[in-house]
Amino acid sequence: GKNIKGIISALLVPFDEEGRVNEAGLRQIIRHNIDEMKVDGLYVGGSTGENFLIETDVKKQIFDIAKDESKDDIHLIAQVGGMNVYEAIELGQYATELGYDAISAVTPFYYKFSFAEVKEYYQDIVNAVDNDLIIYSIPVLTGIEMGLKEFEELFALDNIIGVKFTAADFYLLERLRHSFPDVLIYSGFDEMLFPAAIYEVDGAIGSTYNVNGIRARGILEAVKDNDLAKARQLQKESNDLIEAILANGLYPTLKRLLQLEGCDEGPFLSRKPMASITDEQLEEAKRIHEELL
Ligand code: SI3
């Protein structure tokens, strides 16, 4: 199914004290996304999944669990990229065999790769993996900035169908939308969903949809209905929530909010060196849950 549109949660992963996946808790988070947030899909293995902190085997385990729990009910995108292109290929093949609708790969990071290197990385992945690929562009974390020309070269590669656009550059977003009407464009910053929706993105991939998926869908629908006042109001409510979450620590707070929503099995810790939640943050998360969710 390559009609992957709408609200897609970047899946959070709860870990235990030893850094192992809390499978029961992860299954609850997946169910919460499907049953309560009514998401159209899950983005598995993203930043939100603390993916760059875990071993290849564990990445596969998370792909397995997400597929097993969600069956064919929603779209599944496997984020397989990183600094190791051989691992990206291995994971891409693995997720494709599991039946993932598409793979996604972050631009390689840490070293300041040239665009020629970035392009070859994508070429290598699509040559070896028989699936569609969504580019994951997040310059604020990777340091890799691409413009219209670079995206054009990447979209020309076989099987590259879209981009998760995580940037506040609405000029570039408009140029991309206008230039590539058939490419799937996903908004990556949840706090900017409303303006992205005005530029007719196909969907949105983000962390806060794990708890705020209903409002987010409302934003997309209100923009489609041309009810901009309503969309703006929903973005305002969302941003009151997102602002408080960011100030309290993004992933620990989202995990706590999920627990307060009834995903209550086992520990919901972060993977070290990411810090887990403190008592103070717990208190604030409780307030956020009561007042803003
Ligand atoms: O898992 C992922 O790769 C993402 O969720 C990326 C997404 O763009 C998120 N970015 C980060 C760095 O977490 C956003 O959803 C972000 O958390 C949200 O807009 C709050 O700033």
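Observations on the structure shown:
- Screening Glu153 on (1) within 16 Å of the ligand (Cβ to nearest atom); (2) part of a helix (DSSP H, G or I) shows it passes everything except condition (1).
- Taking the criterion of being under 11 Å from the mean Cα position of the chain (by Cα) and either open to solvent by 30 Å² or more (accessible area, probe 1.4 Å) or more than 16 Å from the ligand (Cβ to nearest atom) (or both), the only residue of the range 157-213 that qualifies is Phe189.
Quick grid of which residues meet (1) in contact with a Phe, Trp or Tyr (Cβ under 7 Å, 6 or more places away or on another chain); (2) closer than 21 Å to Lys59 by Cβ; (3) of a type in the set (A, V, I, L, M):
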| residue | (1), (2), (3) |
| --- | --- |
| Ser70 | no, yes, no |
| Met83 | yes, yes, yes |
| Phe115 | no, no, no |
| Gly143 | yes, no, no |
| Ile160 | yes, no, yes |
| Leu172 | no, no, yes |
| Pro181 | no, no, no |
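- Scanning the range 142-156 for residues that are over 20 Å from the mean Cα position of the chain (by Cα) and without any contact (Cβ under 8 Å) to a residue 24 or more places away in the chain returns Lys149, Ala156.
- Qualifying positions in the range 34-53 - away from the ligand (no atom under 13 Å from the Cβ) and at negative phi: Ile34, Asp35, Glu36, Met37, Asp40
- The one condition in (1) open to solvent by 30 Å² or more (accessible area, probe 1.4 Å); (2) modelled with pLDDT of 95 or more; (3) over 19 Å from Ala10 (Cβ atoms) that Ala275 fails to fulfil: (2)
- When residues of the range 110-141 are limited to those that are within 21 Å of the chain's Cα centre (by Cα) and not hydrophobic (A, V, I, L, M, F, W, C), the one surrounded by the most Cβ atoms within 10 Å (Cβ to Cβ): Tyr136
- Residue in the range 97-109 that is farthest from the chain's Cα centre (by Cα), counting only those that are within 16 Å of the ligand (Cβ to nearest atom) and either among the hydroxyl-bearing types (Ser, Thr, Tyr) or farther than 21 Å from Asp158 by Cα (or both): Phe109
- Residue count, the range 32-70 (criterion: touching a residue at least 60 places away in the same chain (Cβ under 8 Å) and either in contact with a His (Cβ under 8 Å, 6 or more places away or on another chain) or part of a helix (DSSP H, G or I) (or both)): 8
- Of Gly92, Gly25, all but one fail to be open to solvent by less than 30 Å² (accessible area, probe 1.4 Å) and either in a loop (DSSP other than H, G, I, E, B) or within 29 Å of Ile277 (Cα to Cα) (or both); the exception is Gly25.
- For the range 214-225, a residue qualifies if it is touching a Leu at 6+ places or on another chain (Cβ under 8 Å) and either within 15 Å of the ligand (Cβ to nearest atom) or touching a residue at least 40 places away in the same chain (Cβ under 8 Å) (or both), and the qualifying residues are Arg215, Ala216, Ile219, Leu220.
- Residue match in the range 73-86 (condition: open to solvent by less than 40 Å² (accessible area, probe 1.4 Å) and acidic (Asp, Glu)): no
- Flag for Ala168 being closer than 14 Å to Ala197 by Cα and at pLDDT 95 or above: yes
The values are calculated or read from the model by the stated rules, or taken from the named source; none is laboratory data. As the structure is a computational prediction, the values presented were derived from the model and not from experiment. Neighbour counts run over all protein chains shown; Cβ positions are idealised from the backbone, glycine included. These accessible areas exclude ligands, DNA and RNA; they are computed on the full protein's heavy atoms, side chains included. Shrake-Rupley method; radii C 1.70, N 1.55, O 1.52, S 1.80 Å.
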